[in-house]
Each structure stands twice: as C-alpha cells, then as structure tokens.
Amino acid sequence: MSKQKSLNMALAHSLASSADAGSLVLLHIDASPRGERSHSRKMTREFIEAWKKAYPIDSVTYHDLGRNPIPHVTEAWIAAAFTPEEERSPEMKETLCLSDELVDELFAADIYVMGVPMYNWSVTSGFKAYIDNIVRINRTWAYIPDENPEFPYKPLVHGKKMFVIASRGDGGFAPGERNHQRDFQTPLIKEAFGMLGITDIIK
C-alpha cells in the first residue's frame with residue numbers, strides 16, 4: 001500500500017471518528033468477476049488488511065459481487081420500489097427484500113471500500129446491478145420537484161466516506177490524456193453515489 005493510501009486511510013478514520021468515538025463499520029465491495037487474477041480484488045484486500053491492523057476494533061461487512069452477484073432489477077422490482085411502502089403487497093416486499101438489506105448496510109457503514117475494475121470503459125454489470133439496488137426512492141434519495149425544480153433529487157445518505165479502488169487495463173484516463181473521453185467509470189460512480197449524498201469520494 002502506498003504512503004498516500006495509508007495517509008488517506010488514517011484521515012478517513014480520524015474524520016469519521018470525530019462523529020463517533022467508538023468502532024467503525026466498513027462496507028467492502030469487490031466487483032470483479034475474476035478471482036485471484038483480479039487486480040482490484042488484490043488491492044482492496046491489502047487495504048482492508050492494513051486497516052484492520054491499524055484499527056482492530058472496526059468491523060467489516062463484505063460483498064463479493066463477482067462470486068455472488070446481485071440480481072439486476074426487473075419490472076416487478078421497479079413496481080415495488082415506486083409503490084408507497086404502506087401499500088406494498090407481501091410479494092412486493094419479498095421482491096425488495098435483498099435491496100432493503102443492501103440499503104440498510106449502506107446506512108450502517110461509516111466508510112465504503114469499493115473495488116471496481118473498468119470493463120468496456122465503465123463499471124462491471126455486477127456493480128451496476130448493486131448501484132441499481134441501492135438507489136432507492138424515499139430510502140436513499142427523495143423526489144422534491146416543488147423544492148428544487150432544477151435538480152429535484154434530495155440525497156438521504158450523509159456523513160459517509162468512500163474509497164474507490166479502481167483497476168484498468170490501459171492508461172491515459174487523466175484529464176487531457178488520450179483515454180479521458182472514454183472514462184465512463186469515474187463519472188458514473190461520482191454521479192450515482194453523489195445523488196445519494198455520498199460526495200466524499202477518494203479514488
């Protein structure tokens with residue numbers, strides 16, 4: 001792990017600890033479909049191991065989206081998500097059960113550690129399915145056209161820090177470089193999580 005990552009890790013912990021003097025909860029996501037050949041998986045493992053060594057009382061919630069993929073949303077899922085909670089049928093509640101669990105984990109965690117490889121200039125389909133399951137109206141965001149017609153999306157997730165550990169098969173993605181215009185990974189992550197209120201993102 002680089003000195004910069006170690007510094008960022010310590011900074012994240014100190015900032016989050018200012019709001020909660022007790023132990024912290026990390027949400028660790030690996031999105032790569034690859035196993036031990038995955039670069040992002042290796043880097044997140046090193047990050048978490050270093051974190052646990054520095055802060056042994058902290059706990060980690062883990063999801064391996066490559067080996068245990070999250071289902072993509074369906075028409076039934078969309079209908080259930082946009083039905084007011086008090087009007088949902090038992091079948092609708094069952095349809096949203098996994099999504100509810102993932103959203104609960106999102107709120108319970110203090111810090112997110114996301115291992116996200118670039119596939120075809122964007123994120124993996126498994127990570128996109130995860131995003132679709134946590135971007136939930138009236139849970140992680142609210143629709144408020146009367147309050148803000150220009151941007152009627154109110155974030156409901158606050159006080160979180162997110163580390164994105166990305167891997168790519170090529171270089172030149174920095175502004176002004178040859179692949180910058182092909183980087184749909186960075187803006188997707190920034191906009192999707194920013195809509196929820198997660199804007200403190202270190203990549």
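Scan region 37-44 and tell me whether some residue there is outside any helix (DSSP H, G or I), at negative phi and surrounded by 16 or more Cβ atoms within 10 Å (Cβ to Cβ). Within region 37-44, one or more residues are outside any helix (DSSP H, G or I), at negative phi and surrounded by 16 or more Cβ atoms within 10 Å (Cβ to Cβ).
Could you count how many residues in region 45-74 are surrounded by 13 or more Cβ atoms within 10 Å (Cβ to Cβ) and without any contact (Cβ under 8 Å) to a residue 12 or more places away in the chain? Total meeting the criteria: 2. Which of the residues spanning region 53-84 are modelled with pLDDT of 95 or more and part of a helix (DSSP H, G or I)? Glu75, Ala76, Trp77, Ile78, Ala79, Ala80, Ala81, listed by residue number. Only one entry in Val157, Val135 is under 18 Å from the mean Cα position of the chain (by Cα) and either exposed (fewer than 15 other Cβ atoms within 10 Å of the Cβ) or free of Cβ contacts under 8 Å to residues at least 60 places away in the same chain (or both), namely Val157.
Looking only at region 75-94, which residues are touching a helix residue (DSSP H, G or I) at 6+ places or on another chain (Cβ under 8 Å) and closer than 18 Å to Ile131 by Cβ? Within region 75-94, Trp77, Ala80, Ala81 meet the criteria.
The values are calculated or read from the model by the stated rules, or taken from the named source; none is laboratory data. Computed from a prediction, not measured in an experiment: that's the story for all the values here. Using ideal geometry, Cβ is built from the backbone for each residue, glycine included, and neighbour counts are taken over all protein chains shown.
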